[in-house]
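S.K.: Pasting a structure here, questions to come.
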């Protein structure tokens, strides 16, 4: 058997889907019976392949390393004589791996079946549905003209009322309220230059919900940049915005530069 | 009313006009025969199309029927200059699709366990191509999403239904599995 390393450099480096794909490739390349894998050689080749990948600066997914560990573990178990168990009762350490490989093989084989079928069936063409002027069939109704007439009048009446209703509501079009966070920050900073403690609720009395929410965000932002501290003595209680003195602000800015 | 003589013509006309697959129930309603008779007629018709030198064939698609062109006519249709080939799927996508097809509904964890690699990307590709869809959640810890194949899957790969999938020789694996004591 040639070393997988030299082989990897001569053949086009295949892109493997995963550790099973690589193992599978090695098994097929060496024409090994999947149920009787020579674990020593395969492990060696597998590891060679990983180092070849490393040399070529390919990133090795962690799954490949897990498989390498599994192979080495199996190898070590096969090398060590087990105690107390009769040799014929001994469980083959390769068993779990083989089962997984066999299962993987089935799906891999079916993959190529799918590919072939796709190639055949993509050559089949369909026709778009015909646009037919068909109305859904309905049962005929037997209604007297008087009732129909009454219905129509009712309907017109209701329609008229409804129209009136809506037109009353449609007297003015509400403008979309524009509140920007930036503007609110400036507004708050304006208050803070006075150097006094401000009550959040008083500041935003009789303002829209959107303004209150944006104002709150602005307060948080100001606290973050170190221009003020926020205090809320009780849960759900009043929030106070306390401006920082100029020295404190300068200090905060210096610290800010460090980050 | 329809007689047996013109019944195939009726089916043909209806399927041609529809374009989309027409369910068996709808067809049996249209021709006024029971499901069993209709299915027999359709199966016969599929055979007839296959053995006649026409360019059209009939295919079953998950209990519905649809007319389409025969694959060998493709090269001539291509001369119309209108065919654009879809981009093929990656090997990983075929692999994942195979696993889902035989184990649906399947969780991502199950797929990854068989493939030995993470499969997020492949699953979203298959979802985009409408080859698989979500099929609820498994009643397991974390309530993982389940995936199953779609009608598009049957169409693209030329299966008439999921029962049409070839039998994989998984039995030997299961037998071996059963004989192994769990540790």
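S.K.: Most fluctuating residue of B:168, B:126, B:89 in a GNM of chain B with Cα springs under 10 Å: which is it?
M.R.: B:168
S.K.: Residues of B:60-68, mean number of Cβ from any other protein chain within 10 Å of their own Cβ, rounded to a whole number? Don't jump to the answer; show the numbers that get you there.
M.R.: On the way: counts 0, 0, 0, 0, 0, 0, 3, 2, 5.
Mean shielding count: 1.
S.K.: For the pair residue A:62 and residue A:220, what calculated FRET efficiency results from E = 1/(1 + (r/R0)^6), where r is the Cβ-Cβ distance and R0 = 51 Å, to the nearest 0.05?
M.R.: Efficiency, from the Cβ-Cβ distance: 0.80.
S.K.: A further question on this structure: First measure r as the distance between the Cβ atoms of residue A:199 and residue A:245, then evaluate 1/(1 + (r/R0)^6) with R0 = 22 Å and state the FRET efficiency to the nearest 0.05. It would help to have the intermediate numbers written out before the result.
M.R.: On the way: r = 20 Å, r/R0 = 0.90.
The value I calculate is 0.65.
S.K.: What does the C-alpha gyration tensor say about the overall shape of segment B:1-111? Classify as rounded when a/c is under 1.5, otherwise prolate if a/b is larger than b/c, or oblate. Before the final figure, lay out each step's value.
M.R.: Details: a/c = 2.85, a/b = 1.43, b/c = 1.99.
Judged from the Cα gyration tensor, segment B:1-111 comes out oblate (a/c at least 1.5, b/c at or above a/b).
S.K.: What nm distance separates the two modelled labels at residue B:124 and residue A:115, each placed 7 Å from Cα along Cα→Cβ?
M.R.: 2.5
S.K.: Sticking with this structure for a sec: Using label points projected 7 Å from each Cα along Cα→Cβ, tell me how many nm separate residue A:189 and residue A:209, to one decimal.
M.R.: It is 3.0 nm.
S.K.: Only Cα pairs within less than 10 Å get springs; with that Gaussian network setup on chain B, which residue of B:12, B:128, B:148 has the largest fluctuation?
M.R.: B:128
S.K.: Just B:121, B:32, B:81 to compare: in a GNM of chain B, with alpha carbon springs under 10 Å, which one fluctuates most?
M.R.: B:81
S.K.: Once a ≥ b ≥ c are taken as the square roots of the eigenvalues of the Cα gyration tensor of segment B:92-152, is the result rounded (a/c under 1.5), prolate (a/b larger than b/c) or oblate (a/b not larger than b/c)?
M.R.: Working: a/c = 1.63, a/b = 1.17, b/c = 1.39.
Note, shape of segment B:92-152 comes out oblate.
S.K.: Could you order the peptides A:99-111, A:198-210 from most to least packed, using the average number of other C-beta atoms within 10 Å per residue?
M.R.: Sorting A:99-111, A:198-210 by mean packing, highest first, produces A:99-111, A:198-210.
S.K.: On to the next question. By per-residue mean of other Cβ atoms within 10 Å, what is the highest-first order of B:106-114, A:65-73?
M.R.: B:106-114, A:65-73
S.K.: Okay, moving on. Per residue of A:112-122, what is the mean number of Cβ atoms on other protein chains within 10 angstrom of that residue's Cβ?
M.R.: Values: counts 3, 6, 12, 5, 2, 4, 8, 2, 5, 9, 9.
Mean partner-chain Cβ count within 10 Å for A:112-122: 6.
S.K.: Is the C-alpha gyration tensor of segment A:180-237 telling us rounded, prolate or oblate? Criteria: a/c under 1.5 is rounded; beyond that, a/b larger than b/c is prolate, otherwise oblate.
M.R.: Taking the square roots of the gyration eigenvalues as a ≥ b ≥ c, segment A:180-237 is rounded.
S.K.: For peptide B:100-107, what's the mean number of Cβ atoms from other chains within 10 Å of each residue's Cβ?
M.R.: The per-residue average across the peptide is 1.
S.K.: Gain in length, residue A:180 to residue A:141, computed as 0.36 nm per residue apart minus the alpha-carbon separation, to one decimal in nm?
M.R.: Numbers: separation 39, 0.36 × 39 = 14.04 nm, distance 6.01 nm.
Difference between extended and current length: 8.0 nm.
Read-outs throughout are calculated quantities, based only on the coordinates presented, and are distinct from any laboratory measurement. The structure displayed is predicted, hence computed values, not measured ones. Every residue, glycine among them, receives a Cβ derived from its backbone with ideal geometry; neighbour counts consider all protein chains shown.
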